[in-house]
Amino acid sequence: MNSKNSIAEVNEGLINRELSWLDFNNRVLEEALDGQTPLLERLKFVAIASSNLDEFFMVRVAGLRQQLLSGVASTDPSGMTVEEQLTAINKKVESMLRRQYRCLQNEILPALEKQGVFRLTAPSQLRRSEYTALKDYFQREIMPMLTPVAVDPSHPFPIIANCMLEIAVLLRKPDGKGWHRGLVEVPGALPRWLPVEIETDRETRLFVTLEDTIIEFLDQLFVNRPIEAAFPFRLTRDMDFSADTDGVVDLLQHVRQELRRRRLRQPIRLELPRGSDRRLGDWLIKQLQTDRLFVYRLPGPMALNDFFQMLEHDFSPSLREPDWPPLESPFIKENESIFTAVSRHRHLPLFPPYEQFDPVIQLLEEAAADQHVLAIKQTLYRVSGDSPVVRALRRAAESGKQVTVILELKARFDEERNIGWARHLEEAGVHVIYGMAGLKVHSKMLMIVRREGSHIRRYLHLSTGNYNDSTARLYTDASIFTNDSVLCSDAAALFNVMTGYSDPPAWEQLAVAPYTLRTRFLELIERETRLSSARNPGSIRVKINTLVDPEIINALFRAARAGVKIEMAVRGACCMRPGGLIDNIRVVSIVDRFLEHTRMFRFGNGGKLEYYMASADWMPRNLDRRIETLFPVYDRRICRIIDHLFELQLQDRCKGRRLRADGTFAPPSRSSRWRHTRSQRRTYEFFQDCLAGETKGSYGK
């Protein structure tokens with residue numbers, strides 16, 4: 001990687017990471033543009049694209065701004081300077097926003113209106129009785145929460161919270177000479193979309209926005225002050241902070257301080273309504289010191305991620321996609337203990353959200369209640385708001401079991417929640433470890449230590465996804481339960497590294513970042529390259545979220561040149577530009593109702609196939625700056641499932657976008673002839689068949 005040739009190879013073969021991610025978010029938006037998708041699902045994808053873009057500015061654009069302010073002059077692996085990246089980002093974002101609002105305003109909302117759902121542009125359009133009812137609601141429920149803030153020499157400009165809606169107000173002075181300026185924060189505790197009770201019996205459902213309602217009745221906040229102009233705006237701040245905690249004495253206190261500092265972090269993006277008062281807009285830009293490159297004047301409501309609230313209303317089922325209820329695991333008998341099921345199968349797989357996440361919760365609940373269980377060790381990265389995982393861990397500790405949790409405080413945007421869970425667990429007697437200095441703990445492991453007769457047996461759960469029962473209904477992941485003594489021994493050694501001062505051991509089956517994982521991946525790819533021949537070409541199959549690591553991409557290029565057939569399902573950013581190697585490199589990106597989150601790998605190995613699952617993507621941060629795990633899959637039944645899942649994803653012409661030679665993704669076919677290739681639908685049907693097959697005693701034969 002240090003030679004001039006390898007650097008040139010990277011520059012020629014790599015796409016900028018930020019631009020590749022924006023292309024991924026455009027693929028998300030394409031789901032909203034698809035007229036064959038049910039209306040509320042289209043609205044959901046509008047909200048997802050908006051939420052994704054918020055985080056992109058808070059983290060990725062913020063990071064580039066920090067580099068710019070620090071005077072960083074180097075280029076990224078694709079050869080772009082920081083200034084070039086920021087300019088290109090702005091161009092892509094503006095294009096995406098045009099498509100997003102055109103789709104929302106011209107297609108989705110009018111179509112919803114025809115179905116009896118409609119959002120008004122202003123409360124003034126309501127009938128008199130409806131307007132009166134809204135005014136009463138404002139006075140009763142909204143106005144008590146509002147605080148008008150003057151901005152003048154005696155009232156300095158306040159701190160504007162990240163991504164909160166605010167209302168800027170321009171007021172004429174009583175003498176008519178000049179203006180006052182003020183601000184009103186839109187309460188985040190109130191619903192954004194306010195349903196309006198209609199005085200007639202028509203079926204149309206009306207909504208007004210909270211900010212429009214506040215603006216309509218601003219005269220009740222600024223009494224006897226003529227309002228010249230008012231509009232909502234939204235500020236995005238730099239919300240990232242470094243995971244480098246070397247030298248930090250108290251990690252918990254350090255994270256708390258960083259969270260407090262976030263309120264004062266650098267403004268990154270300012271959103272204003274198109275056509276809003278320029279005098280007030282220019283004043284905001286000056287006060288907030290926002291780069292005009294990232295000031296966006298939007299042709300409709302901002303914070304489109306708030307449409308998630310709209311989706312919670314009770315609408316006609318025809319506006320949504322039919323439900324796919326999670327299935328029971330075919331490996332676990334009714335009323336069977338998880339310990340018994342694992343002992344019977346030795347390797348027991350789980351594939352949420354197609355299958356229920358319940359066995360993971362059941363294992364923890366059984367462990368908490370089982371008098372033979374001596375200890376529980378677990379890593380936690382993101383958990384749900386009312387986590388049954390945490391409740392079970394608390395009960396286990398309260399019952400006298402030794403419970404150790406490595407809880408990653410630096411899980412981005414979940415820091416406050418994780419601090420709260422840390423306190424909650426410690427109060428119950430859980431030994432909580434706050435991650436590791438300089439590293440994020442991103443591996444997903446759960447170990448139960450149990451006495452069985454005269455022996456101590458360990459049970460292990462390894463996963464590609466978080467211990468979060470909420471996202472387990474939305475994210476595709478894979479995991480295994482096992483009592484394999486070697487895997488359990490490796491995992492126990494890794495827990496010792498994370499909780500104590502143990503040096504990394506020579507793991508037998510696990511590969512662990514940042515110690516051995518990068519080397520292991522490169523060895524696997526290079527072995528495939530070495531074994532490949534014209535008569536027996538090598539084979540690599542990969543399913544990951546992100547492919548951006550230059551060294552891994554270079555290794556894949558070398559493998560492709562050696563004739564290795566590379567097939568990958570990459571959901572998000574993919575920085576590879578295959579060029580003339582496209583015949584040997586096949587990549588599909590699938591965006592559908594579930595977020596593709598599984599990390600799986602298969603290597604041909606000269607005909608002796610090897611299968612793996614991992615918590616890590618192919619990114620420098622995963623391979624070099626996190627605790628991540630790669631674990632082998634030996635069970636033939638599970639390997640056959642992995643093979644089938646790969647086939648379904650790689651054949652998807654309905655929701656799958658194909659990587660082209662120039663690094664862009666071709667849109668999926670909208671022809672009905674390819675609907676039968678929709679991989680997520682077919683995967684669900686596959687697991688239905690698995691469940692039926694196991695019941696008949698034929699599964700896995």
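Given the criteria closer than 20 Å to Leu524 by Cα, in contact (Cβ under 8 Å) with a residue 12 or more places away in the chain and within 25 Å of the chain's Cα centre (by Cα), does Leu595 qualify?
Taking the combined requirement at face value, the residue does not satisfy it.
Table: residues versus (1) within 22 Å of Asn224 (Cβ to Cβ); (2) more than 33 Å from the chain's Cα centre (by Cα); (3) without any contact (Cβ under 8 Å) to a residue 12 or more places away in the chain.
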| position | (1), (2), (3) |
| --- | --- |
| Leu112 | no, no, no |
| Ala122 | no, yes, no |
| Arg127 | no, yes, no |
| Val169 | yes, yes, no |
| Pro187 | no, no, no |
| Leu190 | no, no, no |
| Val196 | no, yes, no |
| Glu211 | no, no, no |
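Can you tell me which residue among Ala513, Ala478 is under 26 Å from Gln649 (Cα atoms) and at pLDDT 95 or above?
Details: Ala513 fails: under 26 Å from Gln649 (Cα atoms).
Among Ala513, Ala478, only Ala478 is under 26 Å from Gln649 (Cα atoms) and at pLDDT 95 or above.
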Just for the stretch 313-335: of the residues that are surrounded by 13 or more Cβ atoms within 10 Å (Cβ to Cβ) and among the charged types (D, E, K, R), which one is nearest to Asp689 (Cα to Cα)? Glu328
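Looking only at residues that are part of a loop (DSSP other than H, G, I, E, B) and hydroxyl-bearing (Ser, Thr, Tyr) in the stretch 299-357, which one is nearest to Leu460 (Cα to Cα)? Please lay out each step first, then the result.
Let us first name the residues in the stretch 299-357 that are part of a loop (DSSP other than H, G, I, E, B), namely 299-303, 312-316, 320-326, 328-337, 346, 351-354, 356-357.
After this cut, where a residue has to be hydroxyl-bearing (Ser, Thr, Tyr) as well, the list is 316, 329, 337, 354.
On the way: Ser316: 44, Ser329: 17, Ser337: 15, Tyr354: 22 Å.
So the residue we want is Ser337.
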I'd like to verify a number: residues in the stretch 445-468 that are surrounded by fewer than 19 Cβ atoms within 10 Å (Cβ to Cβ) and in a loop (DSSP other than H, G, I, E, B), how many? 2
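Among Lys565, Lys543, which is the only one that is buried (at least 18 other Cβ atoms within 10 Å of the Cβ) and out of contact with any Lys or Arg (no Cβ under 7 Å at 6 or more places or on another chain)?
Exactly one of Lys565, Lys543 is buried (at least 18 other Cβ atoms within 10 Å of the Cβ) and out of contact with any Lys or Arg (no Cβ under 7 Å at 6 or more places or on another chain), namely Lys565.
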Given (1) out of contact with any helix residue (DSSP H, G or I) (no Cβ under 6 Å at 6 or more places or on another chain); (2) surrounded by 15 or more Cβ atoms within 10 Å (Cβ to Cβ), identify the lone condition not met by Ala111. (1)
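So, Arg530, is that one of a type in the set (Lys, Arg), crowded, with 17+ Cβ neighbours inside 10 Å and farther than 28 Å from Val591 by Cα or not?
On the way: of a type in the set (Lys, Arg): yes; crowded, with 17+ Cβ neighbours inside 10 Å: no; farther than 28 Å from Val591 by Cα: yes.
Answer is no for this residue.
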Residue count, the stretch 621-637 (criterion: closer than 16 Å to Ile544 by Cβ and in a strand (DSSP E or B)): 6
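The values are calculated or read from the model by the stated rules, or taken from the named source; none is laboratory data. In this text, all values refer to a predicted model and were calculated from it rather than measured experimentally. In this analysis, Cβ positions are derived from the backbone assuming ideal geometry, glycine residues included, and neighbour counts consider all displayed protein chains.
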